[in-house]
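A short write-up of the structure that comes next.
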Amino acid sequence: MPTAEHRRLSEDAKREVDWKRWGPYLSERQWGTVREDYSAEGDAWRFFPFDHAEARAYRWGEDGLMGWTDRKCRLCFSFSLWNEKDPILKERLFGLNGWEGNHGEDVKEEYFYVDATPTHSYGKAVYKYPQRAFPYDSLRLGNWERSVQDREYELWETGAFDKNRYFDIEFEQAKRSPEDITFVIRVTNRGDKEHSLHVLPTLWFRNTWVWGCDHDGCEVKARLWAHESDGLNLWHPSLGEFWAGLGDDEIEVAQPIQTLFTENETNNQRIFGAYSPSNYYKDGISRRVIAGEEEAVRPEEKAYGTKMAWWVRLSLKPGQTVSIPVRLHSVSEGNGVQGVGDFEALISERKQEADLFYQSVLRTDLTEQCQEINRQAYAGLLWTKQFYHYVVENWLEGDSEFPPPPPSHKEIRNQEWKHVFARDVLSMPDSWEYPWFAAWDLAFHMIPMAEVDPDFAKEQLLLLLREWYLHPNGQMPAYEWEFCDVNPPVHAWAVWRVYKITDQPGNRDLDFLERAFQKLMMNFTWWVNRKDEYGRNLFSGGFLGMDNIGVFDRSKGIPEGATLEQADGTAWMAFFCGTMLSMALELAQYRPPYEDIASKFFEHYVAIADAINAMGDGGLWDEEDGFYYDQLKIQGENIPMRIRSMVGLVPLLTVEIIDKSVLDKLPGFKRRMDWFIKNRFDLANHISYCDETCSQVKGRRLLAIPSQNRLKRLLERMLDPEEFMSDYGIRSLSRYHLDHPFTLNHGGEELKVSYVPGESDSWMFGGNSNWRGPIWFPMNYLIIEALERYHHYYGDEFKVELPGAVGKEANLKEVASDLKFRLRSIFERKKNGSVPASGNHPHLQNGEGWDGLHLFHEYFHGDTGEGLGASHQTGWTALITRM
């Protein structure tokens, strides 16, 4: 039976009730982003640093602790904290960029997304705030002093949580109706002494009025002001009228609550040393609370502005919890409730509904621990849906009310993408480290998203194919630092998988599939025309998402006069092609013209597969090693890049199966396929294409780059614990290279690739990621799917030796299950009480008040399973829910 949350999803999908207008769409970081960078050299982190964020108005978005906003980020809600020790309010999360730290960008805070429903009818998150002064300088210096070979210096190492002297800030939210939202900030003193804490629930309007923009009522300044009797009035030209109130009767305060008003505008005197005509700025509330500057906020008789906060001062005994409720609702949607109403009853009701929703989503045989992991993975996925605003043409030209940016600003990045007009809620990889969309990340996000919110999953996949994102030439934008970069073409696969996941008997969403397919045809054509330099179906160009996996920075080019024919680039094209074939065959069963298109993709797939497998010149298979390698062509010489990495495993993914039942429905396609097989038998030398002799089901056809023999040899490498197979999944680089690094002498410089299971020891891509050993969930997931498809064709008769079990063989479905188990074990508590993902974090391993909290990292240590990289990249790591 449908739950209350399912009914809300249905009402929203039918456009009957706008349940998703409000959500946790406020970014965790707006400073240091490309959108806010108008510099001459493109150094976004220095142009708008963390130290400016308190007093400088943003142009393209907003940020805040666990903040909420509407889908166009007009009105925002968040909270600030002060422990009477810090020099600034804790308004946003702190972290370092790659040049301040010893690896990539890294948030230096402790926060967790605990629960969420897809309509955001209920949500919960936890932030841990030290009672000591927050160690900003210590974190900067500690990381600066460490080398690239050292571990990162983390917040817990500074002693910030010693003796449990910190506050647990638990943030819960519930919707009474679409525009009637209650927020509850629960503060618990975890320490052993009484301690003061200032909590400032804050409402503000995004500053749109000073930039000279001409959409969304930008030219009209919004306003909030004190209500005549109680609470707060808010007005925005396109959002409408709202009321907000604080449940002050519920709070045991140390001093009377005050309401502080200021403007969300830049303090030019403080930031730029320039004249400022007013005294009410973005930092006014901070200056009033910390420095005692009464003139920094408006006096009571002028209680209005564009930013306000309730100043709640608490004194909490050890173990004491205080709840601070805030209600925000549109004037037309008061629901007959006075003040904040019975907020505990509302929170409890929505929490119960969330429980029922996930009972219907999660498998019933999961352990309590696995349910907890799944629930938090979905929570992180839903909490990192963010408002993203970036109008590239305006950004390049600058804003009409301000001096134009330096001429070089227009040449640094994205000048070919003036058509991009992004003003949407998008699924982000990590709302602090990556507070912007990344095309191939988003494709993976939508696989778990389809289980909880199929309509949002479909909308997101279609959105990046719309004309205000997709380039007129068919290229998809990669990410804001460089839209032109080339990501693996996994978007078609995501569309196909979401279509299949959400398929209901008698109710297939062919419209979604066809809409996506038409745009994906443009993207496929761009790939073929731009990345196959010599027209031989061997592809190159771009780092393909695997940032530093090889010796060259592939997105910036390779040695002059050389060509790198990429095993992964070529295999990704076959993967793309095979997926498009499957989609075309599906559509052709209902819409006959797609039969011809299916034939086109079939023939193209075979040509690509032949090119990568061909013996001698042009082929990328190495018979001696039993592996696929990139090949460097320079001065007439072909040099195999003998790096056993994920590059050589991508050909495994290129497996598609055509069922006899489909062929029987499409006689035209079958005739052309049979003709091709008969007349182009020369292409069948080294590939398993349209072979039906090995199938466990008569008439089932297989398309795959590796032949059965080559597949077996690849799997021997992949499943060897001394090569790719770890206790926690498939490594991105073979452990063989620990003792046998790959070296290449070029121009007197020795380039080397060696196995590095943890954080990167290379500054390629700013040290921001590492594909030289760690375990990455998206690639492991694709391998699992491929193994299951191979089993679907070969059946139980095709067996390989299980990793770490000498003499014990298993079919490929069993191998896939074994790999799922290894990936799950990253998050599950072992018999000795440790959780591999938590590494040497003492509080997450066994700290009071930390039990049951999980982080979903970007990637994981190749030997220990410790979480590394971005700590909240729940997007693609939410694939754990599929394990």
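The values are calculated or read from the model by the stated rules, or taken from the named source; none is laboratory data. Computed from a predicted structure; not experimentally measured. Virtual Cβ from ideal backbone geometry, glycine too; neighbours counted across all protein chains shown. We work out accessible area using only protein heavy atoms, side chains counted, and drop any ligands, DNA or RNA first. Shrake-Rupley method; radii C 1.70, N 1.55, O 1.52, S 1.80 Å.
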- prompt: Only one of these conditions is not met by Tyr629: (1) closer than 24 Å to Glu722 by Cβ; (2) open to solvent by 10 Å² or more (accessible area, probe 1.4 Å). Which number is it?
  reply: (2)
query: Among Arg772, Arg789, which is among the basic types (Lys, Arg) and assigned to a loop (DSSP other than H, G, I, E, B)?
result: Arg772
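Give the residues of the stretch 412-434 that are open to solvent by 30 Å² or more (accessible area, probe 1.4 Å) and in contact with a helix residue (DSSP H, G or I) (Cβ under 7 Å, 6 or more places away or on another chain), sorted by residue number. Reasoning before the result, please.
Filtering the stretch 412-434 for residues open to solvent by 30 Å² or more (accessible area, probe 1.4 Å) gives 412, 415-416, 418-419, 421, 423-424.
Matches in the stretch 412-434: Gln415, Lys418, Asp424.
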- request: State yes or no: is Ala816 in contact with a helix residue (DSSP H, G or I) (Cβ under 8 Å, 6 or more places away or on another chain), open to solvent by less than 30 Å² (accessible area, probe 1.4 Å) and not in a helix (DSSP H, G or I)?
  value: no
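Can you find a residue that is among the small types (Gly, Ala, Ser) and under 17 Å from Ser332 (Cβ atoms) anywhere in the stretch 198-218? Even if it seems obvious, please write down each step before you answer.
Here is the first cut: in the stretch 198-218, the residues among the small types (Gly, Ala, Ser) are 212, 217.
Adding the requirement that they be under 17 Å from Ser332 (Cβ atoms) leaves none.
Checked the stretch 198-218: no residue is among the small types (Gly, Ala, Ser) and under 17 Å from Ser332 (Cβ atoms).
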message: Here's a check for you: in the stretch 303-316, which residue that is of a type in the set (A, V, I, L, M, F, W, C) and under 35 Å from the mean Cα position of the chain (by Cα) is farthest from Glu241 (Cα to Cα)?
response: Val312
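So, in the stretch 459-469, exactly how many residues are farther than 14 Å from Lys14 by Cα and either assigned to a helix (DSSP H, G or I) or open to solvent by less than 10 Å² (accessible area, probe 1.4 Å) (or both)? Steps first, please.
So in the stretch 459-469, the residues farther than 14 Å from Lys14 by Cα come out as 460-469.
Retained after the next criterion (residues that are either assigned to a helix (DSSP H, G or I) or open to solvent by less than 10 Å² (accessible area, probe 1.4 Å) (or both)): 460-465, 469.
Summing the residues that are farther than 14 Å from Lys14 by Cα and either assigned to a helix (DSSP H, G or I) or open to solvent by less than 10 Å² (accessible area, probe 1.4 Å) (or both) in the stretch 459-469 gives 7.
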query: Considering only the stretch 89-128, how many residues are outside any strand (DSSP E or B) and modelled with pLDDT of 95 or more?
result: 13
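Closer than 15 Å to Trp310 by Cβ and either touching a residue at least 24 places away in the same chain (Cβ under 8 Å) or charged (D, E, K, R) (or both) - does that describe any residue in the stretch 206-223?
Filtering the stretch 206-223 down to residues closer than 15 Å to Trp310 by Cβ leaves none.
Checked the stretch 206-223: no residue is closer than 15 Å to Trp310 by Cβ and either touching a residue at least 24 places away in the same chain (Cβ under 8 Å) or charged (D, E, K, R) (or both).
Given the structure, is Gly804 out of contact with any strand residue (DSSP E or B) (no Cβ under 7 Å at 6 or more places or on another chain), open to solvent by less than 10 Å² (accessible area, probe 1.4 Å), farther than 14 Å from Ile549 by Cβ and of a type outside the set (D, E, K, R)? Lay out the reasoning, then the answer.
Values: out of contact with any strand residue (DSSP E or B) (no Cβ under 7 Å at 6 or more places or on another chain): yes; open to solvent by less than 10 Å² (accessible area, probe 1.4 Å): no; farther than 14 Å from Ile549 by Cβ: yes; of a type outside the set (D, E, K, R): yes.
No, not satisfied.
Condition check: assigned to a helix (DSSP H, G or I) and open to solvent by 20 Å² or more (accessible area, probe 1.4 Å). Does Thr877 satisfy that? Break it down into steps so the answer makes sense when it comes.
Values: assigned to a helix (DSSP H, G or I): yes; open to solvent by 20 Å² or more (accessible area, probe 1.4 Å): no.
No; evaluated as a whole, the condition is false for this residue.
Could you look through the stretch 408-436, keep only residues that are of a type in the set (D, E, K, R) and closer than 18 Å to Glu858 by Cβ, and pick out the one that is farthest from the chain's Cα centre (by Cα)? Give the steps one after another, and end with the answer.
The initial filter retains those residues of the stretch 408-436 that are of a type in the set (D, E, K, R), namely 410-411, 413, 416, 418, 423-424, 430, 433.
From what is left, the residues that are closer than 18 Å to Glu858 by Cβ are 430, 433.
Details: Asp430: 5, Glu433: 10 Å.
Here the answer is Glu433.
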message: I'm told Leu200 meets every condition in (1) of a type in the set (A, V, I, L, M); (2) touching a helix residue (DSSP H, G or I) at 6+ places or on another chain (Cβ under 7 Å); (3) without any contact (Cβ under 8 Å) to a residue 60 or more places away in the chain except one. Can you identify the failing condition by its number?
response: (3)
message: Looking only at residues that are open to solvent by 50 Å² or more (accessible area, probe 1.4 Å), modelled with pLDDT of 90 or more and among the polar types (S, T, N, Q) in the stretch 496-534, which one is nearest to Ala571 (Cα to Cα)?
response: Thr525
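Going residue by residue through the stretch 315-322, is there one that turns out to be hydroxyl-bearing (Ser, Thr, Tyr) and either within 21 Å of Ala125 (Cβ to Cβ) or modelled with pLDDT under 95 (or both)? Give the derivation first.
At the first step, the residues of the stretch 315-322 found to be hydroxyl-bearing (Ser, Thr, Tyr) are 315, 321.
From what's left, either within 21 Å of Ala125 (Cβ to Cβ) or modelled with pLDDT under 95 (or both): 321.
Yes, the conditions are met somewhere in the stretch 315-322.
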field: Selection status of Asp192, part of a strand (DSSP E or B), of a type outside the set (A, V, I, L, M, F, W, C) and open to solvent by 10 Å² or more (accessible area, probe 1.4 Å)
entry: no
query: Just a yes or no: is a residue in the stretch 439-451 touching a residue at least 40 places away in the same chain (Cβ under 8 Å), surrounded by 21 or more Cβ atoms within 10 Å (Cβ to Cβ) and outside any helix (DSSP H, G or I)?
result: no
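If you check Glu565 against the conditions, is it surrounded by fewer than 21 Cβ atoms within 10 Å (Cβ to Cβ) and among the acidic types (Asp, Glu)? Spell out how you get there, then give the answer.
Numbers: surrounded by fewer than 21 Cβ atoms within 10 Å (Cβ to Cβ): no; among the acidic types (Asp, Glu): yes.
No, not satisfied.
Yes or no, residue by residue, for (1) closer than 25 Å to Gly341 by Cβ; (2) within 38 Å of the chain's Cα centre (by Cα):
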position	(1), (2)
Gly245	yes, yes
Asp248	yes, yes
Thr266	no, yes
Ile271	no, yes
Ala274	no, no
Tyr281	no, yes
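Which residue, of Gly862, Gly807, Gly852, is out of contact with any Ser or Thr (no Cβ under 9 Å at 6 or more places or on another chain), in contact (Cβ under 8 Å) with a residue 40 or more places away in the chain and assigned to a loop (DSSP other than H, G, I, E, B)?
Numbers: Gly862 fails: out of contact with any Ser or Thr (no Cβ under 9 Å at 6 or more places or on another chain); Gly807 fails: in contact (Cβ under 8 Å) with a residue 40 or more places away in the chain.
Checking each option against the conditions leaves just Gly852.
With the condition being over 19 Å from Leu232 (Cα atoms), I'd like the strands (runs of 3 or more DSSP E) fully within the stretch 247-353 carrying at least 3 qualifying residues.
Details: elements: 255-262, 307-316, 321-330.
Strands (runs of 3 or more DSSP E) meeting the threshold: 307-316, 321-330.
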message: Suppose we filter Glu344, Glu349, Glu353 for residues that are buried (at least 17 other Cβ atoms within 10 Å of the Cβ) and under 29 Å from Ala244 (Cα atoms); which single one remains?
response: Glu353
- prompt: Among the residues of the stretch 738-751, is any surrounded by fewer than 16 Cβ atoms within 10 Å (Cβ to Cβ), more than 25 Å from the chain's Cα centre (by Cα) and under 27 Å from Trp481 (Cα atoms)?
  reply: yes
- prompt: So Phe402 clears everything in (1) under 19 Å from Tyr58 (Cβ atoms); (2) within 25 Å of the chain's Cα centre (by Cα); (3) aromatic (Phe, Trp, Tyr) except one condition, right? Which one?
  reply: (2)
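May I ask you to say which residue of Gly319, Gly336 is closer than 28 Å to Gly240 by Cβ and open to solvent by 50 Å² or more (accessible area, probe 1.4 Å)?
Details: Gly319 fails: closer than 28 Å to Gly240 by Cβ.
None of the others qualify; the one that does is Gly336.
Residue by residue through the stretch 819-841, note down the ones that are part of a loop (DSSP other than H, G, I, E, B) and small (Gly, Ala, Ser).
Here is the first cut: in the stretch 819-841, the residues part of a loop (DSSP other than H, G, I, E, B) are 825-835, 839-841.
Matches in the stretch 819-841: Ser825, Gly833, Ser834, Gly839.
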task: Filter the stretch 129-184 for residues that are modelled with pLDDT under 95 and open to solvent by less than 10 Å² (accessible area, probe 1.4 Å) and give the result.
output: Asn143
message: I'm told Leu844 meets every condition in (1) closer than 22 Å to Gln371 by Cβ; (2) open to solvent by 20 Å² or more (accessible area, probe 1.4 Å); (3) assigned to a helix (DSSP H, G or I) except one. Can you identify the failing condition by its number?
response: (2)
- request: Test each condition in (1) of a type outside the set (A, V, I, L, M); (2) within 23 Å of Pro256 (Cα to Cα); (3) open to solvent by 40 Å² or more (accessible area, probe 1.4 Å) for Ser286 and report the one that comes out false.
  value: (3)
Sole exception among (1) open to solvent by less than 10 Å² (accessible area, probe 1.4 Å); (2) modelled with pLDDT under 95; (3) in a helix (DSSP H, G or I) for Phe765, by number: (1)
